[in-house]
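Everything below concerns the one structure shown next.
The values are calculated or read from the model by the stated rules, or taken from the named source; none is laboratory data. Computed from a prediction, not measured in an experiment: that's the story for all the values here. Here the Cβ positions follow ideal geometry from the backbone for every residue, glycine too, while neighbour counts run over all protein chains shown. To get the accessible areas, we keep the full protein, side chains included, count just its heavy atoms, and leave off ligands, DNA and RNA. Shrake-Rupley method; radii C 1.70, N 1.55, O 1.52, S 1.80 Å.
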Amino acid sequence: MPTSPELTSARHLVDQGVGRNVLQFQRLELLLKHLLRCHQGSYTVESLADEIPLGLKEQEKRTLGGLAGDLFQKVIQKKTDGDEDPAHGADPTKFSHRFVITTSEENHQEWHCRLKALVEERNQLVHLSLLTWDLETIEGCQAVVAELDERRGRIGAELEKVILYHDSMMQCLEHLHEDLKRVAKNGETK
């Protein structure tokens, strides 16, 4: 059945909205993979450059839902009285780091719920959206575009938080790497 040029154009806008949202979800997923890989490690001066890429490969096939869960178990943690020393149990012959963000239980729960909702929205978008959207009318397509735009705003807000934490962690790792190079150059011990 032929469609009008207006309906075809409206459907193209839906396609573009889906594409923009999927790209935002992929950016979030990639940042979480990198953050979870790099948030802790134990290295010798010689092994630092080799171990980081290996850890990134381990995260490669992880899903957004699994990554979001790990984020709140390993990186974003509730503040407790008995917070453990990051180097506790680390190999004394290696340099170790652990990047953890502690927050109140309320903030932890709130952010965890928002990220969990985004994972559900991502799954809905990728797996079920065509079953529920009205793409047979211009009005239906306009409603879908509005929904996608609103969702993209929520994805962007969470992405900005992850970018902030990721950038902070990368600055810390950069300082660690500089310190390791200095130690290696000067022959210092830990």
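The set of residues in the range 96-106 that are within 27 Å of Leu176 (Cβ to Cβ) and without any contact (Cβ under 8 Å) to a residue 40 or more places away in the chain comprises Thr102, Thr103. Pairs meeting the criteria (first residue in the range 72-85 and closer than 14 Å to Gln109 by Cα and open to solvent by less than 90 Å² (accessible area, probe 1.4 Å), second residue at pLDDT 55 or above and part of a loop (DSSP other than H, G, I, E, B), beta carbons under 9 Å, at least 6 apart or on different chains) are Val75/His39; Val75/Phe99; Val75/Val100; Ile76/Val100; Gln77/Val100; Lys78/Ser104. Do the conditions hold for Thr8, that is, is it at pLDDT below 85 and of a type in the set (Val, Ile, Thr)? No, not satisfied.
Could you check the range 11-42 and list, in sequence order, the residues that are charged (D, E, K, R) and touching a Leu at 6+ places or on another chain (Cβ under 7 Å)? Arg11, Arg27, Glu29, Lys33, Arg37, listed by residue number. For the range 162-187, residues that are open to solvent by less than 80 Å² (accessible area, probe 1.4 Å), over 18 Å from Arg37 (Cβ atoms) and of a type outside the set (A, V, I, L, M) total 2.
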